[in-house]
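Chemist: Got a structure for you, written out below as structure tokens; questions coming shortly.
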Amino acid sequence: MTFISNPKGSPRRVEYDNAKSLLRVICRRTSKDGINFSALEIIIMPDENDPMDRQFYYLAVQRYDGINWGLLGNYNVAEQTMDFGLCFSRDGRSCLRPARGPAVFREPDSFESKSIYASDAMIDAGDHWLLLYRGGTQLHKARWLSHCDCSSCRYENRETPVTWLGYRK
């Protein structure tokens, strides 16, 4: 993930975000030796098919059967919530996102009511995939608003359960 400019007047800018002048996008760099890296190359950024407040927080990639499968962290800036969607690429540069919605829906009044983060890899369980994910009960901006006493912003220091999620191959 890297940042690009999100200037005043941009329809993608949300003034109460902690990085309002920046837009989060997914990039890649390559290296043959692990020391010298290529220049940043943006591979996923919000487009006309995304909500105007959509930004991207992370991309966990797993290669299977010649395809790069991605778990793409969606940051819903206006709501200050996180979820993740699925994407894929054959070449590691052109990423397709045919389903733009979340792969797992956040449940109200649950440990995952405000955020869901995917782990960095799926687990091959034979005829299906397993995925560990974690959820949260605080808004993205909660750590910057910890002084606030309103119920929608209050930081909750609760342990985050880990959940298994299965996908059929």
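Chemist: Out of the residues in the stretch 105-137 that are buried (at least 18 other Cβ atoms within 10 Å of the Cβ) and β-branched (Val, Ile, Thr), state the one that is nearest to residue 76 (Cα to Cα).
Modeler: 116
Chemist: Right, here's the next one. Going through the stretch 1-56 one residue at a time, which ones are of a type in the set (A, V, I, L, M, F, W, C), part of a loop (DSSP other than H, G, I, E, B) and within 16 Å of the chain's Cα centre (by Cα)?
Modeler: 1, 19, 45, 52
Chemist: Looking only at the stretch 121-139, which residues are among the small types (Gly, Ala, Ser) and either under 19 Å from the mean Cα position of the chain (by Cα) or over 19 Å from residue 63 (Cα atoms) (or both)?
Modeler: Answer for the stretch 121-139, where residues must be among the small types (Gly, Ala, Ser) and either under 19 Å from the mean Cα position of the chain (by Cα) or over 19 Å from residue 63 (Cα atoms) (or both): 121, 135, 136.
Chemist: Also: Quick one: residue 79 ticks every box in (1) without any contact (Cβ under 8 Å) to a residue 24 or more places away in the chain; (2) farther than 15 Å from residue 96 by Cβ; (3) of a type in the set (D, E, K, R) except a single one, so which number is it?
Modeler: In the conditions (1) without any contact (Cβ under 8 Å) to a residue 24 or more places away in the chain; (2) farther than 15 Å from residue 96 by Cβ; (3) of a type in the set (D, E, K, R), residue 79 misses (1) alone.
Chemist: Also: Can you report the number of residues in the stretch 37-94 which are of a type in the set (Ser, Thr, Tyr) and open to solvent by 10 Å² or more (accessible area, probe 1.4 Å)?
Modeler: The total comes to 5.
Chemist: Another one. Checking residue 3 against (1) surrounded by 12 or more Cβ atoms within 10 Å (Cβ to Cβ); (2) farther than 30 Å from residue 126 by Cβ; (3) in contact (Cβ under 8 Å) with a residue 24 or more places away in the chain; (4) not small (Gly, Ala, Ser), which test does it fail?
Modeler: Of (1) surrounded by 12 or more Cβ atoms within 10 Å (Cβ to Cβ); (2) farther than 30 Å from residue 126 by Cβ; (3) in contact (Cβ under 8 Å) with a residue 24 or more places away in the chain; (4) not small (Gly, Ala, Ser), only one is false for residue 3: (3).
Chemist: Can you tell me which residue in the stretch 98-134 is farthest from residue 54 (Cα to Cα), limited to those that are hydrophobic (A, V, I, L, M, F, W, C) and part of a loop (DSSP other than H, G, I, E, B)?
Modeler: 125
Chemist: Also: With respect to the numbered conditions (1) over 15 Å from the mean Cα position of the chain (by Cα); (2) in a strand (DSSP E or B); (3) within 16 Å of residue 136 (Cα to Cα), which one is the sole condition not fulfilled by residue 63?
Modeler: Every listed condition holds for residue 63 apart from (3).
The values are calculated or read from the model by the stated rules, or taken from the named source; none is laboratory data. This one's a predicted model, so the numbers in the text were calculated from it and none came from an experiment. Methodologically, a virtual Cβ is constructed for each residue, glycine included, from the backbone with ideal geometry; neighbour enumeration extends over all protein chains shown. For the accessible areas, the whole protein counts, side chains as well, though only heavy atoms, and no ligand, DNA or RNA atoms are used. Shrake-Rupley method; radii C 1.70, N 1.55, O 1.52, S 1.80 Å.
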